[in-house]
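Please read the structure below before turning to the comments.
The values are calculated or read from the model by the stated rules, or taken from the named source; none is laboratory data. These numbers come from a predicted model, not from an experiment. Backbone-built Cβ (ideal geometry, glycine too); neighbour counts: all protein chains shown. Calculation scope for accessible area: heavy atoms of the full protein, side chains included, ligands and nucleic acids excluded. Shrake-Rupley method; radii C 1.70, N 1.55, O 1.52, S 1.80 Å.
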Amino acid sequence: MEKSFYYSQNSLGTFQRCPKMFEYIYIDGISGRGVDPELKKSIERGTDFHILAERYFNGMKDYFYIRDEQLLEWMDVLEKRYPEKVDCKSEVEIRQDKDEIRLMAKYDLLIIEDDKIKIVDFKTNKNPYNVGVMEESIQTKVYMFLLGENFKKIFPKKKINDISMEYFQLNYPGNKIFIEYNEKKHEKNKKILKELIGEIKKNKKNFFIKNNETCEKCGFESFCKKN
């Protein structure tokens, strides 16, 4: 792994699912078998939506040329939830390297709402999320911790208790996944992330395989069997 490597919610989530998969992807730089065509199409559509959303929040409502009905439906849902005048920052990237935590995240949206800072993450998944599951997810911990460590650079007058996070599901706009933040959660997240990154560093080349349902879907199962 390169010394300039920054951990992200994707890389840390991969390690949690299977340390060996983390090694293949982030250390060896190899990928598994080809992505299923339907999954690939879904990923590409999600990427296209994020591009359109970024342009929308930057005052460029110029997607009249889009012919994908699903994308247009999602943009309609987005416009109804977040008017053009919303006080926000779109596609904000934060990086840090301190206290043995080298971390980065790119935020879909940071909103100032009722004098609070709200992280908004857009989700285009087919299935609805559960607030309890999402609060404990590595993405929530990374996003809230990283903003909690660095928000003064962006919002100098705010406090850590002013931070919250919303997972906005385009297919389920009424299913509100809202998570609040505070100093106690921040210190807990710091401990979890520091220990997780420390575990990765400690493993070096001794990454093990988790023998569970992950193996059937990861794309490396045949490769693992040969090693």
Selection within segment 1-25 - surrounded by fewer than 19 Cβ atoms within 10 Å (Cβ to Cβ), of a type in the set (Ser, Thr, Tyr) and either touching a Ser or Thr at 6+ places or on another chain (Cβ under 6 Å) or modelled with pLDDT of 85 or more (or both) | TYR6
Looking at segment 202-213, is at least one residue modelled with pLDDT under 95 and assigned to a helix (DSSP H, G or I)?
-> yes
Subset of segment 74-103 (residues that are exposed (fewer than 15 other Cβ atoms within 10 Å of the Cβ) and under 19 Å from the mean Cα position of the chain (by Cα)) = GLU93, ARG95, ASP97
Scan segment 51-75 and report the pairs whose first residue is at pLDDT 90 or above and whose second residue is of a type in the set (S, T, N, Q) and not in a loop (DSSP other than H, G, I, E, B), with Cβ atoms within less than 6 Å and a gap of 6+ or a chain change.
-> GLU54/SER90; PHE57/SER90
Scope segment 114-133; condition open to solvent by 20 Å² or more (accessible area, probe 1.4 Å) and either closer than 17 Å to GLN9 by Cα or not in a helix (DSSP H, G or I) (or both); matching residues | ASP114, ASP115, LYS116, LYS123, THR124, ASN125, LYS126, ASN127, PRO128, TYR129, ASN130, VAL133
Of the residues LYS106, LYS41, which is in contact with an Asp or Glu (Cβ under 9 Å, 6 or more places away or on another chain), surrounded by 11 or more Cβ atoms within 10 Å (Cβ to Cβ) and either at negative phi or assigned to a strand (DSSP E or B) (or both)?
-> LYS106
Looking only at segment 134-152, which residues are of a type in the set (Lys, Arg) and either part of a strand (DSSP E or B) or open to solvent by less than 30 Å² (accessible area, probe 1.4 Å) (or both)?
-> LYS141
